[in-house]
1. I'd like to check something: does region A:290-300 contain any residue that is surrounded by fewer than 20 Cβ atoms within 10 Å (Cβ to Cβ) and touching a Gly at 6+ places or on another chain (Cβ under 7 Å)?
2. With A:A184, A:A202, A:A174, A:A160 as the choices, which residue is more than 13 Å from every other protein chain (Cβ to nearest Cβ), assigned to a helix (DSSP H, G or I) and over 22 Å from A:V232 (Cα atoms)?
3. Of everything in region B:82-93, what is away from every other protein chain (no Cβ under 13 Å) and in contact with an Asp or Glu (Cβ under 7 Å, 6 or more places away or on another chain)? Give them in sequence order.
4. List the number of the failed condition for A:D248; all other conditions in (1) more than 32 Å from the chain's Cα centre (by Cα); (2) free of Cβ contacts under 8 Å to residues at least 24 places away in the same chain; (3) surrounded by fewer than 16 Cβ atoms within 10 Å (Cβ to Cβ) hold.
5. Which number in (1) over 26 Å from A:F216 (Cβ atoms); (2) of a type outside the set (G, A, S); (3) surrounded by 20 or more Cβ atoms within 10 Å (Cβ to Cβ) marks the one condition that A:Q175 misses?
6. Looking at this structure, is A:W52 assigned to a helix (DSSP H, G or I), out of contact with any Ser or Thr (no Cβ under 8 Å at 6 or more places or on another chain), within 14 Å of chain B (Cβ to nearest Cβ) and at pLDDT 90 or above?
Amino acid sequence: MKGIASFELPEELKKVLKEAIRLEWITIFYLLSVIVVMFLTMGSSQAMKTAWLEDLLSLIPSISFLIATRINKKPPDEKFRYGYHRVYSIAFLVGASALLGMGLFMIYDSSMSLIKLEHPSIGNKTFFGKQVWMGWVMILALVYSSIPAMILGFKKLPKAKKLHNKILYTDAEAQKADYMTAFAAMAGIIGIGAGLWWADSAAALFIALSVVKDGFKYISTAVKDLMDRYPVTLKKQKKDPLIDEIEDLVLGLDWVEDAKIRFRENGQVYVGEVAIIPKGKLIIENLEKVNVMLLNYHWKINDVSIIPVKELPSW
Amino acid sequence: MKHVLVIAFILVLAGCSFPKDPENSFEKAKNDELKIGIIENPPFITFINGKAEGPEIELIKGFARENNLKISFTKGNESGLIEELQKYKLHILSGGFEKGTIWKKEATPTAPYDNSHVFLVPKGKNRLLQHLETYILKNQVKE
């Protein structure tokens, strides 16, 4: 029988998870190479520095996803009787906090270079005997930092939705939108080349603001999840229709007079209670049946307590 | 796709005189003169009877000749001339500076003309930097 002890995904989703793990490993190795390339080319451009920091930050979701997945696999034990599902929510909060903190630092750093009227210099280097303005090399580095990232993002997105995994989802969304950062930084570098020294810091500020915006959004979601808000869909953050389906299902049973349900998100899965006022005499077998029915209804329903009551609870 | 086209367009437009200086300093120096700050630091720059000599002076003269620039020299000490450079009152600072100079924050080191020695130019003067580096890289002597 399914229940809190069943912490595993259904067969078809196990495959999706495996694929997601593989993609995140690819992401990590790819990002490491981007970080090296960007570091070697960034020179004194503020926009490049900010884009580089952003790439560094984007390692966090991938790494925390891989770690959290490892912990999430564990069955409930003596100490953690509810299992390890919440590790995802915690990893999500930690990642979001890092994003916000770094974003605020980036805003400070870029504003300071704007206030101090810092004029960024971009020099020249010889490659194979040809002199090249490093600005062009930076733009190439930015192209390398964005196009593969976008492809990875698009590949991860449907998997995140299937798994109802927020870290994976935000990671995919952020990577999909990575071209924005790259374009901003490119505009900054072209600005420097056009003699507009402020374009660089302005581009950096734009990148920093978008990081802060994401940081706030993710922290808000992570905190709400940990505060046991009702389960929501990943994209629109609307109440998951699954919850209403379950309510209808329980109310539709012929032995149920009235019922009230509540669920919360524990990482990828939902946990909750169903309070039922039975028609006439309470039959224990009915309670057991409804429990089994709900657990088998959807893989996301991971644990349900059925509570027989005389009056519906106030929650 | 649209973005890519816009960027490509800007690149083509800009390609002719890229990178530019803010305030067009290099073009102004062409009409006026190139102001060089020099600091005595043998063997790179030595003052003999009030005249500056040494490999760095030769390089600067060569650079000026190639670009049809008149030059004027200002003698001084490091911190004083760095300040002038920061105020954009000088174009180039010469004085046997090393690649990892302590003035990296205040000024931009050029590409080294040998294994480790550089000139300093004001921050953000990317056209001047490019012309100077073009000359330096062509005449680079690596041991």
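The values are calculated or read from the model by the stated rules, or taken from the named source; none is laboratory data. Keep in mind that this is a model prediction, so the values were computed, not measured. We place every Cβ from the backbone using ideal geometry, glycine too, and count neighbours over all the protein chains shown.
1. Within region A:290-300, one or more residues are surrounded by fewer than 20 Cβ atoms within 10 Å (Cβ to Cβ) and touching a Gly at 6+ places or on another chain (Cβ under 7 Å).
2. Of the residues listed, the single one that is more than 13 Å from every other protein chain (Cβ to nearest Cβ), assigned to a helix (DSSP H, G or I) and over 22 Å from A:V232 (Cα atoms) is A:A202.
3. The answer is B:I82, B:L90.
4. Just one mismatch for A:D248, condition (1).
5. (1)
6. It is false that A:W52 is assigned to a helix (DSSP H, G or I), out of contact with any Ser or Thr (no Cβ under 8 Å at 6 or more places or on another chain), within 14 Å of chain B (Cβ to nearest Cβ) and at pLDDT 90 or above.
So that you can scan it fast, the table gives a plain yes or no per residue for (1) under 20 Å from the mean Cα position of the chain (by Cα); (2) buried (at least 24 other Cβ atoms within 10 Å of the Cβ):
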residue: A:T126; (1), (2): no, no
residue: A:I139; (1), (2): no, no
residue: A:P158; (1), (2): yes, no
residue: A:K161; (1), (2): yes, no
residue: A:Y169; (1), (2): yes, no
residue: A:I189; (1), (2): no, yes
residue: A:W198; (1), (2): no, no
residue: A:F206; (1), (2): no, no
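Quick grid of which residues meet (1) over 26 Å from A:A199 (Cβ atoms); (2) aromatic (F, W, Y):
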residue: B:E23; (1), (2): no, no
residue: B:I36; (1), (2): yes, no
residue: B:I39; (1), (2): yes, no
residue: B:I45; (1), (2): yes, no
residue: B:N49; (1), (2): yes, no
residue: B:I92; (1), (2): no, no
residue: B:E98; (1), (2): yes, no
residue: B:T108; (1), (2): no, no
residue: B:Y113; (1), (2): yes, yes
